[in-house]
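Accompanying notes for the structure given below.
The values are calculated or read from the model by the stated rules, or taken from the named source; none is laboratory data. What you see is a predicted model, and the numbers here were worked out from it, not measured in a lab. We place every Cβ from the backbone using ideal geometry, glycine too, and count neighbours over all the protein chains shown.
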Amino acid sequence: MYFEFLTPTKVIAGDDAIFKLPFELEQAKVNKPIILTDKGIVGAGILSPVELAFKEYKFKMPTVFDDIPPETSVESVQTAFKIFKSENCDSIVAIGGGSVIDTAKALRMMVAENNSDLMSLAGADNLSGKGPVFIAAPTTSGTGSEVTSVAVIYDSKSSSKIAFASDFLIPDIAILDPVLTISLPKKLTAASGIDALSHAIEAYIGIQSNHISKALSFKAVNMIFNNLIDAIANGKDKKVRLNMLIASTIAGMAFSNSMVGVVHSLAHASGAVLHIPHGVAISLFLEAGLRENFAKCKKEYSELLNTVKCDFLGDKESRANEFLKVVGDFLKELRRLSGIPSGLKEVGYTKETEKRIIELAISDGSSIFNKIELTEEVARRMIEASL
Ligand SMILES: [Fe+2]
């Protein structure tokens, strides 16, 4: 066995963790951060504790760029780059969900390389350095982007999502404060939580999993099963919200090292074609993707059953089947409680969109480390099972 594992991010987690932000910036010897966020976060008052933190610390309130769409784009990153330069910023703070944090990663790349052509940096390991200090405070519990080395940016010219990957994209600090997620609506809580669950499971069953990532995935799956329903039913509970933030970060550490699989390929493709949120797309394909992997992943499913239902006895085959049943029941319950879509037909899928979804899915890099190959037939079966 051979593997490499990297998770360099300092994690600051707990009640009022966001109040450490100005202190951490000062420790890093920077004083002109740009805060990246979105209008929904500003509108929901989620930036208020951040502003208070700067005020109490007597740190000048930074420049705020809040015009980031739910699905970030090349244009958004370019605007952020222009502001960063014109305001002479020296560091980046992302307060938001995956879209905001991915924007911050792309901005960091452009600043590090002093290159205004973002697309020329697409792909893996195209950076020569890590760029400015970068702190991420997630406002959703799902992407794990606060500890991962990847960013996904929508390119309107090719109508596809472009992936960027480099160890230099991993944030220096992740701040996990439940006050930033307590106003997250039920649908977003469910969809982002399922995204985190898929990170943990796909990282566990993929060919690049290792003992460290498996330990992280195992814990993340357990925490998500124990907290996600509560987070939807009782969103104001800070303890549950913090547990989901931690679970999502742990899952992020796992998949940043062990990658994801076919579920993510189909989700990226359908996200680009149908313009549905990443977590919703994941929720539609998770069960189908796990079923496609069944023959090659019985051992892994049987192991994962221990973290969600430890009293089930049986051989490997029946335990693996039970794990899929437990995941299926969990998804059903999450859909019932939150109202997220239960099939592709509810989110604009038509037979005409299928060809493009399959094309994009099989050329998506996410499934390189999946145990089974993502062929056209597999992708089609996954779509049919998710209608
Ligand atoms: Fe994901």
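Report yes if some residue within the stretch 134-151 is touching a residue at least 12 places away in the same chain (Cβ under 8 Å), more than 28 Å from SER258 (Cβ to Cβ) and not hydroxyl-bearing (Ser, Thr, Tyr); otherwise report no. Scanning the stretch 134-151, I find no residue that is touching a residue at least 12 places away in the same chain (Cβ under 8 Å), more than 28 Å from SER258 (Cβ to Cβ) and not hydroxyl-bearing (Ser, Thr, Tyr), so the answer is no. Among the residues of the stretch 113-150, which ones are in contact with a Phe, Trp or Tyr (Cβ under 9 Å, 6 or more places away or on another chain), modelled with pLDDT of 95 or more and not β-branched (Val, Ile, Thr)? Across the stretch 113-150, the qualifying residues are PRO132, GLY144. Among all positions in the stretch 285-292, there is no residue which is in a loop (DSSP other than H, G, I, E, B) and out of contact with any Phe, Trp or Tyr (no Cβ under 8 Å at 6 or more places or on another chain).
Counting only residues that are in a loop (DSSP other than H, G, I, E, B), modelled with pLDDT of 95 or more, buried (at least 17 other Cβ atoms within 10 Å of the Cβ) and not small (Gly, Ala, Ser), the stretch 19-46 holds 2 of them.
Considering the stretch 227-271, and only residues there that are farther than 30 Å from GLU384 by Cα and either outside the structural domain of GLU354 (by TED's automatic domain parsing) or outside any helix (DSSP H, G or I) (or both), the residue that is nearest to the ligand (Cβ to nearest atom) turns out to be GLY235. Please work out if PRO62 is closer than 28 Å to SER159 by Cα, free of Cβ contacts under 8 Å to residues at least 40 places away in the same chain and either surrounded by 14 or more Cβ atoms within 10 Å (Cβ to Cβ) or not basic (Lys, Arg) (or both). Spelling it out, it is not the case that PRO62 is closer than 28 Å to SER159 by Cα, free of Cβ contacts under 8 Å to residues at least 40 places away in the same chain and either surrounded by 14 or more Cβ atoms within 10 Å (Cβ to Cβ) or not basic (Lys, Arg) (or both). Apart from one condition, PHE5 fits all of (1) farther than 24 Å from VAL152 by Cβ; (2) surrounded by 12 or more Cβ atoms within 10 Å (Cβ to Cβ); (3) not assigned by TED's automatic domain parsing to the domain that holds ASP155; the exception is (1).
In the stretch 281-291, is there at least one residue being under 22 Å from the mean Cα position of the chain (by Cα), modelled with pLDDT under 95 and of a type outside the set (A, V, I, L, M)? Within the stretch 281-291, none of the residues are under 22 Å from the mean Cα position of the chain (by Cα), modelled with pLDDT under 95 and of a type outside the set (A, V, I, L, M). Quickly run through the stretch 188-226 and pick out the residues that are surrounded by fewer than 24 Cβ atoms within 10 Å (Cβ to Cβ) and not in a helix (DSSP H, G or I). Hits for the stretch 188-226 are ILE207, GLN208, SER209, ASN210.
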